[in-house]
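Heads up: the structure comes next, in structure tokens.
Values in this text are rule-based calculations from the coordinates and carry no lab data. Predicted, not measured: the structure shown is a model, and the values here were computed from it. We place every Cβ from the backbone using ideal geometry, glycine too, and count neighbours over all the protein chains shown.
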Amino acid sequence: MSEPFWLASEGAGPGVVEVDACDQEIERNYEVIPAVICSMCCLFGIIYCFFGYRCFKAIMFLSGLLFGSVVIFLLCHKERVLDTQLSVEASAGIGLGIGVLCGLVTMLVRSVGLFLTGLLLGLLLAVAALLVAGHFHTPGTVWVPLGALLGAGMLCAVLALQWQRPLTVLSTAAFGAAILTVCADYFVEMLALAVHVYDRLRLAPAPPLCWYSWVIVAVWPALALTGALVQWKLTAEGFSHTEVIISRRQKKVQLMRIRQRDAKKRPQSTTQEPSYRRKPTPVKRYAGDLLAPSYLQSLRDRQMGTGNSLSSLGPTHQTTIDFDYDTGSTVPLTATTPVIRV
């Protein structure tokens, strides 16, 4: 029976020589798919750690994608679904599909994304505290680490909704540093540190960490602190996730609304012009303005009977002068305007 912590050799002799497992060479059998995934995670970790708050929308999507994919993959791979054990490929496909949906929700709904960001920060802090406390005291039940994880996660999630900018910077820096630490752990010791953390959380016996494992552990707080400082002083300077970025379509809609508003104001301005603009007074013209004064005087004399021109016309030719309006004339007439009817 082989011990997980120490290896025994030289079994032929009466004594047993204990050899430290850290002195043995690690067998590194890298596979293509895990190596490619770790390489992509390294890129995501750098973006998280140093440009997390600057790339706010992208980070919200990646947080939802990673969280949803990992949770659903573990549930499908460890538990039986419809009385069947799913393969790794099927579990990964289901986890990726649901992770994309979770990423879209966290990207489009800001409050959900901030809640998840704070939750990740709380989980990381709780894991670090449990690892430190595990070297001094081992809990008797698994509900103790589970309650610590849920309590710290919910607390940081609520705080992230209250103080959005500083908690987002801290969470993205810490989560990006954790991703880089796991990737370094894969390339150095084939995820020995990740297995140790998983065994500690489920209260299972775990081998002690070697000196290079502690070096990898120290990388996480150093990178987290460096990433937070870089974001606070450089990449996140002068940027706010609450600013609304107006797209071209929104600009066109606003321009159309402004034009419609101006078009509605124009008819009102044309109808209000006569109220303050003075109308020109029309010029009155009379029929007498076209006749000579001497001719008008002779007509008045004939009407009053003072002249002899009426008797010289004879009985068959009579002229009647009527002072009346001329309805067929376009010139306005008055009561004193004479009209000749023969």
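Place +1 on the Cβ of every Lys and Arg and -1 on the Cβ of every Asp and Glu in the range 31-235, take the dipole about the Cα centre, and give the residue among Val70, Gly113, Gly45 whose Cα lies farthest towards its positive end.
My answer, from the dipole projection, is Gly113.
Among 190-196, 141-147, how do they line up from the highest to the lowest mean number of other beta-carbon atoms within 10 Å?
In decreasing order of mean packing, 190-196, 141-147 become 190-196, 141-147.
Fewest Cβ neighbours within 10 Å first, please rank Asp262, Asp301, Asp185 accordingly.
In increasing order of surrounding Cβ atoms, one gets Asp262, Asp301, Asp185.
Using the number of other C-beta atoms within 10 angstrom as an exposure proxy, rank Phe50, Phe44 with the fewest first.
Neighbour counts put them in this order, fewest first: Phe44, Phe50.
In a solvent-free Debye calculation with one equal scatterer on each Cα, what is log10 I(q)/I(0) for the range 31-235 at q = 0.08, 0.11 Å⁻¹, listed in the order of the q values?
Those come out to -0.28, -0.54, one per q.
When Trp220, Trp211 are ordered from fewest to most other Cβ atoms inside 10 Å of their Cβ, what list results?
Trp211, Trp220
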